[in-house]
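Peer 1: Submitted below is the structure of interest, expressed as structure tokens.
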Amino acid sequence: MSETTEVNDLRKRILFVIFILLVYRIGSHIPIPLFNIKEIMNSFSEENAGIFSLFNLFSGGALSKVTIFSLGIMPYISASIIIQLLGSVWEPIKKLKKEGEPGKAKTSDYIRYLTVILSMVQAFAMAKYLLSISILNNSIIFHYLLIIFTLVSGTVFLVWLGEQINEKGIGNGISLIIFTSIASNIPRTIGSSLDKLRQGEINIIAMLIFLAMLIMIIFFVVFMERAQKKIFINYAKRQQGRRMYASQTTYLPLKINMSGVIPPIFASSIVLFPMTLMQWFDQTSGNMFFYNLKTMLLPGKPLYIFLFGTAIIFFCFFYTNLVFNSKETAENLKKSGGFISGIRPGTQTSIYINKVVNKLTILGAIYLTFVSLLPEFLVLFANIPFYFGGTSLLIVVVVIMDFISQVQTKLISYKYDGFVKKYKTKKNKGI
């Protein structure tokens, strides 16, 4: 593959990603039929704003505009959480994980099926809410079916778009869709902050302090995402065939935050899903228990902060254990002749690595919880209309870093393939 072909292939992949994300943004402005958008937007009272603002953030503003992508990608994330949790306790899913690529494909199918089911539940709840505040006099079954079909189709289409990015583009499709949703809200939040600054609702000194904190948090996130613990691995002198290999020392890199941005996304989904159902279903009942519960679970409230933080910590440990197997790592080291100085190969090595990973996960969980909950306190005490600095900032920074890393990996892969082909050509020519 020539250098020009490599560049063209990478350019096509990046342009394909841009095209898919553009399709997503266009769809985020196509409203559901029959409804007056202004009427629906006016119905989002200050009481409901806390819950809906978070859901609206992950849908790229589609929820507030009552569009075909109002549910966003969150049902898919919720389905992924459920299947992964079942995979740790339910034997049939455990067996699928051991079957390699066929098992992975089957698990993906289960996630898609569950996504449709969860989307239907959320779509029905939203249909009930929309029809209760709309000017449509006859809330007939046709209106319910229209809303449910439109919203479920929108979510399924978003999942398909994400899979197309994974297959034909570059980067993680679902993460890029969430990134685009959050990035689309940045201009609006900046404009809102500037308006409040002009009107004197926000002190300019407080705003400058906030901007300085935002820059420091970005550097902190980048530092923590790149930070790693190196466990040195020794290889004794060994002979393979007629070749003698000298003793070597390398290292096993373990990231402080192995779970990436998954825990805050999962935690947001866990908190949002039941609360949105409760909000949409319980519009007219006037049940004081549900009303008080919804009030306590609004962003910025102590119960919300506690549950959100606890969910982040739980998913940090859960997802790290899911993606990293210390026993498998120790076994691979033993097979390749590697050992950690002062630690016996096999079980003792696995225990040692597991202890290190648990300590790193504690640090990673503290870091993710701190950054994710920081905007709650900024909004509460500084009156800054930003949800930028917590989960949204983590997603934006981590997705950008991952995208750049994958582009660099592609370029290195292209250069390596070109080098191998040139070497083979020279070898065949007898050079």
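Peer 1: Accessible area per residue for region 312-376 in Å², computed with a 1.4 Å probe and the full protein assembly in place, what is it?
Peer 2: 52 Å²
Peer 1: Once you have a ≥ b ≥ c as the square roots of the Cα gyration tensor eigenvalues for region 327-367, tell me rounded if a/c is under 1.5, and otherwise prolate or oblate according to whether a/b is larger than b/c.
Peer 2: Cα axes put region 327-367 in the prolate bin.
Peer 1: Just how much of residue 9 is accessible, in Å², when a 1.4 Å probe is used and the result is rounded to the nearest 10?
Peer 2: For residue 9, solvent-accessible area is about 50 Å².
Peer 1: For residue 67, enumerate residues with amide H under 5 Å from its amide H, sequence gap 5+ or separate chain, H modeled in the peptide plane.
Peer 2: 32
Peer 1: Would you mind computing, in nm to one decimal, how far apart the modelled labels at residue 94 and residue 227 are, each placed 7 Å from Cα along Cα→Cβ?
Peer 2: In this crude label model, residue 94 to residue 227 measures out at 3.5 nm.
Peer 1: Between residue 117 and residue 404, what's the calculated FRET efficiency when r is the beta-carbon distance and R0 is 45 Å? Round to 0.05.
Peer 2: For R0 = 45 Å, the calculated efficiency reads 0.80.
Peer 1: Continuing with the same structure: In nanometres, what is the gap between the two model label sites at residue 209 and residue 26, each 7 Å from Cα along Cα-to-Cβ?
Peer 2: 4.7 nm
Peer 1: As an exercise, use a Förster radius of 41 Å and the Cβ-Cβ distance of residue 366 and residue 142 to find the FRET efficiency, rounded to the nearest 0.05.
Peer 2: 0.20
The values are calculated or read from the model by the stated rules, or taken from the named source; none is laboratory data. Model, not experiment: these values are computed from the prediction. Backbone-built Cβ (ideal geometry, glycine too); neighbour counts: all protein chains shown. Protein only, heavy atoms only, side chains kept; ligands, DNA and RNA dropped before computing areas. Shrake-Rupley method; radii C 1.70, N 1.55, O 1.52, S 1.80 Å.
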